[in-house]
Amino acid sequence: MLSFAVLCVAYALSQFYRSFLAVIASRLTQELGFGPAELGALSAVFFATFAVAQFPVGWSLDTFGARRTIAGAMLGAIIGGLLFAAATSFAVMMIAMALIGVGCAPVLMGSLYVFGRGYPPERFAMLSSMVLGVGALGNLIAAAPMAYAVELFGWRASMAAIGALTVVSTALIYFVLRDPHAPAGPTPAGPSPLAALRTILSIRPLWCLVPLTFVGYSVVAAERSLWIGPYLGDVHGLDPIARGNGIFAMALAMSLGAFAYGPLERILGGAKPTVLIGSVLTGASFLLLAVVSVSALEAVVLLSAVGGFGLTYGLLMAHARQFFPDHLLGRGVTLLNFIFISGAGIIQALSGLFMEAATNRPAAEGFAQLHLSFGALVLAATAIYAFTPARPLLTPVSPQLLRARP
C-alpha cells in the first residue's frame with residue numbers, strides 16, 4: 001500500500017508538469033511575449049524528451065528495477081522545475097521543460113512495471129486505472145488551485161513550490177518503494193536492445209493498436225495541457241479564475257474517467273470494447289465542439305466529456321500488455337508509452353503551428369478547425385483499432401525462440 005501511495009504522488013506531479021502550461025499561458029504571453037508557437041514548443045519539448053527517454057527507461061527497469069530508475073530520473077524533474085521558476089528566456093524554459101520531461105519519464109512506466117511483475121495479469125487493468133485516477137489529481141492541482149495560487153503568489157513562486165514537492169516525492173520513492181521479486185524460474189539471457197525491439201515490433205496484434213495509441217491520448221493531452229485555457233478565454237471570454245474552473249472540470253472528469261474505466265472493463269467484458277466505446281464518444285465530443293455553436297457552460301461539458309471518455313490510456317496499455325513476453329515487459333510497456341508520448345509531443349507542436357497560422361482569423365474559427373481535426377483523427381484511429389484481437393490467440397514469443405533469432 002505504501003509503494004502504491006508513493007507512486008501515485010510521483011505520478012500526480014508528472015501529470016501536473018504536463019498540464020500546468022494551460023493555466024499560466026496568458027502570463028507567459030504577457031510577461032515574456034510568447035505566442036502559440038512558443039507555447040506549443042514548450043509543451044512539445046516536454047513530451048519529446050519524455051518519449052525519447054522511454055528507451056533507456058525500459059532497459060533500466062528490466063535491469064535495475066523501478067525504485068532506482070524512478071528516483072534517479074526524478075532528479076531531472078527537480079532541477080527542471082526549479083529552473084523553470086527562475087527562467088527569463090524561451091531558451092532556458094525549453095531546457096527546463098526538457099529536464100522535467102526526462103525526470104517524469106519513468107514514473108508511470110515504473111508503476112506499470114511493478115503491477116505487471118507483482119500482480120496477476122487480470123488485475124493489471126484495475127491497478128493501472130487506479131494509479132491513473134489517483135495520479136490525475138495532478139491535473140486537478142494544475143487547474144483551479146494553480147490558477148488561485150498564481151493570482152495570490154505569482155507563477156514563479158507557485159512553480160518553485162511544486163519543485164520543492166518534487167524533492168519530497170523523489171525521496172519517498174527512493175526510501176519507501178519496494179521492487180517486486182524477480183520472476184520465478186530461470187531468467188532468460190537478456191536480448192540486445194535491437195533484438196528486443198525487433199521481437200516486440202513483430203507482434204502483429206499490436207499493429208492495429210498503434211494508431212489509436214499514437215492519437216487517442218495525444219489530442220486529449222493537447223487540449224488539456226495547452227488549448228483549453230486559450231479556447232475558454234479567446235472564444236468564450238472567461239477570466240483567469242473562470243478558465244481555471246473550466247480546466248478543473250475537465251481535469252476532474254479525466255480523474256473520474258480513469259477510475260471508472262477499471263470496473264467498466266470488467267462489466268463490458270474486456271479492454272477492447274471499453275476502448276472502442278470511449279474513443280467513439282471522445283471523437284464525437286470533439287466534433288460537437290467544432291460544428292455546433294455552444295455556450296461557455298456547454299463547452300466545458302463537452303471538454304469534460306473529452307477528458308472523461310478520452311483517458312483510455314490505461315486500458316490500451318492493459319490490452320497491449322497481454323501480448324508482451326514477461327522478460328520484455330519493461331521494454332514492451334515503455335515502447336508503447338513512447339508511442340503515446342511521442343504522439344502527444346508531435347500533436348502539440350503541430351497544433352501550435354496550426355493555431356499560429358490561424359491568428360489572423362477569428363478565434364472561434366481557428367479552434368473549430370482544431371477540434372474538427374482532433375475528432376477526425378480519433379475516429380479514424382478507432383476504426384483501425386477495431387481490427388485488433390481482443391486477446392492473444394497464441395502464447396507470447398518464448399525466450400527460446402528469441403535466443404534462436406539471429
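The values are calculated or read from the model by the stated rules, or taken from the named source; none is laboratory data. Keep in mind that what you see is a predicted model, and the values were worked out from it rather than measured. With ideal geometry, Cβ positions are generated from the backbone for all residues, glycine too; neighbour counts draw on all protein chains shown.
Listed by first and then second residue, the pairs linking a residue in the range 280-298 that is over 13 Å from Ala376 (Cβ atoms) to a residue that is part of a loop (DSSP other than H, G, I, E, B), with Cβ atoms under 7 Å apart and 6 or more places separating them unless they lie on different chains, are Ala296/His236; Ala296/Leu238.
Given the criteria over 19 Å from Gly375 (Cα atoms), in a helix (DSSP H, G or I), in contact with a Leu (Cβ under 6 Å, 6 or more places away or on another chain) and at pLDDT below 95, does Gly257 qualify? Considered against the rule, which asks whether it is over 19 Å from Gly375 (Cα atoms), in a helix (DSSP H, G or I), in contact with a Leu (Cβ under 6 Å, 6 or more places away or on another chain) and at pLDDT below 95, Gly257 comes out as no. Would you call Ala349 part of a helix (DSSP H, G or I), surrounded by fewer than 24 Cβ atoms within 10 Å (Cβ to Cβ), more than 17 Å from the chain's Cα centre (by Cα) and of a type outside the set (Lys, Arg)? Answer is no for this residue. Looking at (1) in contact with a Ser or Thr (Cβ under 8 Å, 6 or more places away or on another chain); (2) crowded, with 19+ Cβ neighbours inside 10 Å; (3) more than 25 Å from Gly40 (Cβ to Cβ), which is the only condition Gly138 fails? For Gly138, the exception is condition (3).
Quick one: which of Ala53, Ala48, Ala37 is of a type in the set (A, V, I, L, M) and under 21 Å from Val167 (Cβ atoms)?
Numbers: Ala48 fails: under 21 Å from Val167 (Cβ atoms); Ala37 fails: under 21 Å from Val167 (Cβ atoms).
Residue meeting the stated conditions: Ala53.
Residues in the range 231-262 that are crowded, with 19+ Cβ neighbours inside 10 Å, over 21 Å from the mean Cα position of the chain (by Cα) and over 15 Å from Ala25 (Cβ atoms): 1 in all.
For the range 359-390, the set of residues classified as within 13 Å of Val275 (Cα to Cα), among the aliphatic types (A, V, I, L, M) and touching a residue at least 40 places away in the same chain (Cβ under 8 Å) consists of Val378, Leu379, Ala381, Ile384, Ala386, Ala390, listed by residue number. Restricting attention to the range 352-367, the residues that are surrounded by 18 or more Cβ atoms within 10 Å (Cβ to Cβ) and over 21 Å from Met94 (Cβ atoms) total 2.
Which residue is surrounded by the most Cβ atoms within 10 Å (Cβ to Cβ), if the candidates are limited to the range 55-76 and must be farther than 16 Å from Leu177 by Cα and touching a Leu at 6+ places or on another chain (Cβ under 7 Å)? Per the stated criteria, the residue is Gly58. When we screen Phe324, Phe340, Phe309 for residues that are touching a residue at least 24 places away in the same chain (Cβ under 8 Å), in contact with a helix residue (DSSP H, G or I) (Cβ under 6 Å, 6 or more places away or on another chain) and not in a helix (DSSP H, G or I), the only hit is Phe324.
Applying a threshold of 8 Å to beta carbon distances and a minimum spacing of six or more residues, or different chains, the list of pairs starting in the range 127-151 at a residue that is in contact (Cβ under 8 Å) with a residue 24 or more places away in the chain and closer than 20 Å to Ala5 by Cα and ending at one that is of a type in the set (Val, Ile, Thr) and assigned to a helix (DSSP H, G or I) reads Ala142/Val23; Ala142/Ile247.
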